[in-house]
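Taking it in order: structure first as structure tokens, then the write-up.
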Amino acid sequence: PLKMTSKKRKLVDENRKYINRWEDDYFFISYNSKLTCLICRETVAAFKEFNVKRHYETKHSDYLKFDNEVRKYKLNSLKSQLKSQESMFASSLQQSSNIVKASYSVALLIAKNMKPFSDGEFVKDCVQAIVKDILPDKSKLFSNLSLSRQTITRRINDISEEIVMNLRNEIKNFKSYSLAFDESTDISDTSQLAVYIRGVDESFQITQELLNLLSLKDTTKGEDIFQAIKKCLLDNGLHLEMLSGLTTDGAPAMIGKNTGAVKLIINELEAKINKTSDIYVIHCLIHQQNLCAQVLSMSQVMQVVIKTVNYIRSHALQSRQFKTYLTELDSEYGDIVYFTNVRWLSRGKCLRRVFELREEINYFMTEEHMPIPELKNEEWLQDLCFLVDITEKLNQLNIELQNQNNLITDACNLIKAFQMKLLLLESQLKNNNAQHFPLLKEWQNNNFSKYSDEIRRLIVAFDCRSKELVNYEEAFEMFSSPFGVDASTVSETLQIKLIDLQCNVELKNIYPTIQKIEFYSKYITETKFPNIRCFAQKIISAFGSRYVCEAFFFSE
């Protein structure tokens with residue numbers, strides 16, 4: 001027997017649509033793509049006049065008696081009611097959306113300032129107290145704001161997931177990236193490895209962000225750090241072949257010759273690309289200059305300063321009494337800076353403060369029956385002045401190296417310039433010239449030549465710890481001065497195109513007028529200078545220091 005096939009009709013196929021006159025004739029409008037009755041708000045599925053007319057005559061026949069003027073008035077009134085209801089609903093939704101947004105804003109502030117999640121409730125109480133006095137009619141609205149510990153926890157998790165998702169999306173576009181990592185121990189004695197990433201995409205947009213904080217549960221050997229970083233790269237979709245630089249401290253677990261994490265990462269990379277890698281391995285420049293600064297022990301000065309400062313600051317009673325004493329003297333300073341050997345910047349501030357308050361400190365310590373005879377000794381005070389001046393120069397270098405906008409070439413230029421300044425200072429001090437030492441030059445005794453030995457120690461320390469930078473001088477010069485570098489000294493993969501670039505008069509005139517990143521992104525195109533463009537991306541993606549890691553741990 002033949003089977004009959006039924007073909008269902010689709011409304012779309014019949015090309016049915018809303019007809020404007022249905023509004024006047026039947027009080028029907030098209031609302032959210034549905035036929036909606038303005039009188040009862042019911043909807044009709046099919047866009048057919050028969051269905052619309054039947055609904056109107058069956059359920060709203062009493063409207064048939066109205067003349068045109070009354071019908072028009074009723075129609076406008078019903079449309080206004082719908083619009084008002086829609087506006088009220090939208091306003092309610094907006095309020096709810098704003099309340100949720102506010103809770104995310106508070107959660108973000110709590111996370112950024114590392115406050116307990118339970119502080120959200122306290123914040124809400126504060127807000128309600130303020131609103132109650134200033135905007136009492138709005139107090140009910142703020143009561144709907146949820147800032148409980150559980151809510152703040154969820155919000156921060158949401159924000160974290162969003163950040164990770166955005167970072168991974170940006171990672172997909174990286175042409176080159178570098179890693180900076182540092183290990184520290186938290187309050188529970190668990191080793192934490194902070195891994196930061198700095199990447200550059202096709203348009204030379206720079207992304208610098210915390211990639212992950214990894215807990216090292218057992219040992220912290222080079223192999224452990226390597227495996228943790230390897231897994232981190234895999235989890236975030238990062239290809240080792242695009243790695244252009246590694247920056248870390250000088251710990252054996254990091255830079256050990258055979259089993260250090262850096263060496264193991266390079267071995268893994270070279271196994272993948274089947275050739276020697278050309279990544280930039282930098283021992284943190286800030287860390288280097290801090291270590292160099294430590295050769296300036298001058299123990300005869302530092303021991304007295306440390307003993308005095310720590311006595312005053314470590315005893316609550318003495319500290320309060322000293323503050324009171326300074327207040328009574330109307331001193332410029334309200335307290336003395338605590339000395340710590342961990343952060344070199346604290347040494348400079350501490351020395352400066354001790355020198356400025358030397359008379360007040362001497363009087364106070366004498367009253368405490370702990371006189372400091374060195375504070376009256378001119379030779380010792382002269383040594384202190386030298387130490388203040390040189391540490392402030394080192395601190396200034398430290399601050400300049402911390403600039404987040406520095407490229408690795410900028411950081412290396414700062415180090416190189418400082419080394420040249422040290423040579424000048426050494427030469428001048430040998431001739432009893434302390435022109436560049438503001439405090440030291442005020443002393444009448446011109447026996448400044450002895451300090452040239454201290455400068456020499458700094459020079460040797462900087463030279464020793466900057467050896468690795470010598471390996472990259474040609475590459476950095478090529479990046480910083482592409483029109484002045486000798487093409488024969490750069491990598492063979494760049495030489496031919498570099499000559500083309502140097503002979504381009506138009507680009508040569510443009511280069512000095514704009515920033516380096518803008519020049520390489522706009523004018524060193526993929527079609528004309530592919531290798532030079534890739535080379536520039538590698539340089540720009542490299543970290544000049546691991547300051548981001550140190551700042552992360554110090555802020556904990």
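Assorted remarks:
- Enumeration of residues in region 502-523 that are among the hydrophobic types (A, V, I, L, M, F, W, C) and either exposed (fewer than 14 other Cβ atoms within 10 Å of the Cβ) or within 19 Å of Ala542 (Cα to Cα) (or both): Cys503, Val505, Ile514, Ile517, Phe519
- Verdict on Lys221 being over 20 Å from Val262 (Cα atoms) and of a type in the set (Lys, Arg): no
Let's see how each residue does on (1) modelled with pLDDT under 90; (2) assigned to a loop (DSSP other than H, G, I, E, B); (3) outside the structural domain of Ile206 (by TED's automatic domain parsing):
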residue: Glu400; (1), (2), (3): yes, no, yes
residue: Lys421; (1), (2), (3): no, no, yes
residue: His436; (1), (2), (3): no, yes, yes
residue: Asn446; (1), (2), (3): yes, yes, yes
residue: Leu458; (1), (2), (3): yes, no, yes
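- Ile510 vs. criteria assigned to a helix (DSSP H, G or I), more than 19 Å from Leu494 (Cα to Cα) and at pLDDT 95 or above: yes
- Val123 being surrounded by 11 or more Cβ atoms within 10 Å (Cβ to Cβ), over 22 Å from the mean Cα position of the chain (by Cα), more than 23 Å from Gln208 (Cα to Cα) and not assigned by TED's automatic domain parsing to the domain that holds Leu238: yes
- The test for being aromatic (Phe, Trp, Tyr), in contact (Cβ under 8 Å) with a residue 60 or more places away in the chain and either surrounded by 18 or more Cβ atoms within 10 Å (Cβ to Cβ) or within 14 Å of Phe543 (Cβ to Cβ) (or both) holds for Phe174.
- Sole exception among (1) touching a residue at least 24 places away in the same chain (Cβ under 8 Å); (2) touching a His at 6+ places or on another chain (Cβ under 8 Å); (3) of a type outside the set (Val, Ile, Thr) for Gln428, by number: (1)
- Close contacts from region 343-364, counting a first residue that is part of a helix (DSSP H, G or I) and a second that is modelled with pLDDT of 80 or more and acidic (Asp, Glu), with Cβ to Cβ under 6 Å and a gap of 6+ residues or different chains, come to Gly348/Glu392.
- Inclusion of Glu378 among residues that are in contact (Cβ under 8 Å) with a residue 40 or more places away in the chain and more than 28 Å from the chain's Cα centre (by Cα) is warranted.
- Test: Ala228 is surrounded by 14 or more Cβ atoms within 10 Å (Cβ to Cβ) and either assigned to a helix (DSSP H, G or I) or in contact (Cβ under 8 Å) with a residue 60 or more places away in the chain (or both): yes
- Count - residues of region 381-433 that are within 32 Å of the chain's Cα centre (by Cα) and among the aromatic types (Phe, Trp, Tyr): 1
- Take the conditions (1) at pLDDT below 75; (2) over 36 Å from the mean Cα position of the chain (by Cα); Val301 misses just one of them, which is (1).
- Qualifying positions in region 338-361 - farther than 23 Å from Phe437 by Cβ and modelled with pLDDT of 80 or more: Glu360
- Looking across region 377-421, the residues that are more than 30 Å from Thr207 (Cα to Cα), touching a helix residue (DSSP H, G or I) at 6+ places or on another chain (Cβ under 9 Å), of a type in the set (A, V, I, L, M, F, W, C) and surrounded by fewer than 20 Cβ atoms within 10 Å (Cβ to Cβ) come down to Trp380, Leu381.
- Neighbours by Cβ (under 9 Å, 6+ apart or cross-chain): first from region 500-528, closer than 14 Å to Gly484 by Cα; second part of a helix (DSSP H, G or I) and small (Gly, Ala, Ser): Gln502/Ala487
- Selection from region 235-258 of residues that are modelled with pLDDT of 90 or more and out of contact with any Leu (no Cβ under 9 Å at 6 or more places or on another chain): Asp235, Gly237, Met242, Ser244
The values are calculated or read from the model by the stated rules, or taken from the named source; none is laboratory data. Predicted model, so just to flag it, every value in this text is computed and none were measured. Please note: Cβ atoms are built from the backbone with ideal geometry, for glycine as well, and neighbour counts cover all protein chains shown.
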